[in-house]
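One structure is given here, and the rest of the page talks about it.
The values are calculated or read from the model by the stated rules, or taken from the named source; none is laboratory data. Nothing here was measured: the structure is a model prediction, and the numbers come from that model. Note that each Cβ is placed from the backbone with ideal geometry, even for glycine, and that neighbours are counted across all protein chains shown. These area figures cover heavy atoms from the full protein model, side chains too; ligands, DNA and RNA do not enter into them. Shrake-Rupley method; radii C 1.70, N 1.55, O 1.52, S 1.80 Å.
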Amino acid sequence: MSDGLTRLVEVMDRLRSPGGCPWDAEQTHETLIKHALEEAYELAEAVESGTRADMREELGDVLLQVVFHSRVAQEHPSDPFDIDDVANGVADKLMERHPHVFPDESGQRADAGSAAEVHARWEKIKKETKGRESVMDGIPVDQPALQRAQKVISRASKAGLQVQDEAGVDIGHQLLDLVARAQAEGVDAEGALRKAVRNYEAAAREAEREATAASAVTPASAATEGSPT
């Protein structure tokens, strides 16, 4: 483990241990969920519109959530695990799902193929190892609706499914049609909407500044126009 990560784990352990921080000591996996989600969104914002310093800071905040959850997990009475278990688990997963990079026990490696073939193999291995019965299994229900819609459409498309969905005229179906269009054009619908909202917000702020400036000038102008010459 690197010195920086070791130091972070030690700091978290001190905060969580007796004599540390009362707030940190009383947190649970459940109470930390909202913080993990917030930090993930702040990282996305830093990547899309922040500086390198912003991104470095937000990556640190996301890492803190992983370390925090891992420290809480150490205290489980019957099934504890720590940050090393988490790291080794994801390393094993990466090696298992990249047989074109890491050889098997016989020293053989699979053909890499194209990026699309690599992704398809990843999904196939994931389905087999997790014992999933449907391509729709594993899509978080609590994802933002737009993001989840694109994931559902993507899974169906990659599986070659001919989905018979009744056409609708309500707003929900119209939004779903836009998500399907984004998926077909290789656009991340959630990211595109975030960008559009940022642009709209910037325009709204500019309009607000102009309106404020105009309201500040108008009384003075009116007083001048109404004064006797």
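Relative to the Cα centre, what is the charge dipole magnitude of the stretch 104-170, using +1 at the beta carbon of each Lys and Arg, -1 at the beta carbon of each Asp and Glu, and rounding to the nearest 20 debye?
That gives the stretch 104-170 a dipole magnitude of about 160 debye.
For the chain, how many pairs of lysine residues have a Cα-Cα distance under 22 Å, where the two are 8 or more positions apart or belong to different chains?
16
Relative to the longest principal Cα axis of the chain, at what angle does helix 3-16 sit, 0 to 90 degrees, rounded to 10?
That helix lies at roughly 80 degrees to the long axis.
How much net charge surrounds residue 197 when only the other residues with a Cβ under 12 Å from the Cβ of residue 197 are counted, with Lys and Arg +1 and Asp and Glu -1? Each step should come with its number before you reach the end.
Working: positive: 194, 195, 198; negative: 45, 48, 190, 201.
Within the 12 Å Cβ shell, the charges total -1.
What's the longest bit of the chain with no exposed trypsin sites (Lys or Arg not before Pro), using DSSP loop states and at most 15 other Cβ atoms within 10 Å as the test? Walk me through the numbers on the way to the answer.
Numbers: sites that count: 109, 132.
With trypsin sites (Lys or Arg not before Pro) excluded where exposed in loops, the chain gives 1-108 as its longest stretch.
Over the heavy atoms of residue 176, what accessible area does a 1.4 Å probe trace out, to the nearest 10 Å²?
60 Å²
What ³J(HN,Hα) values, in whole Hz, does the Karplus curve 6.51 cos²θ - 1.76 cosθ + 1.60 give for the stretch 143-151 when θ = phi - 60°, with x put for Gly and Pro?
With the stated coefficients, the stretch 143-151 comes to 4, x, 4, 5, 5, 5, 4, 5, 5 Hz.
Please work out how much accessible surface residue 33 shows to a 1.4 Å probe, ignoring ligands, DNA and RNA, in Å² rounded to 10.
Accessible area of residue 33: about 90 Å².
Helix 83-96: angle to the longest alpha-carbon principal axis of the chain, degrees 0 to 90, nearest 10?
Long axis of 83-96 versus the principal axis of the chain: about 80 degrees.
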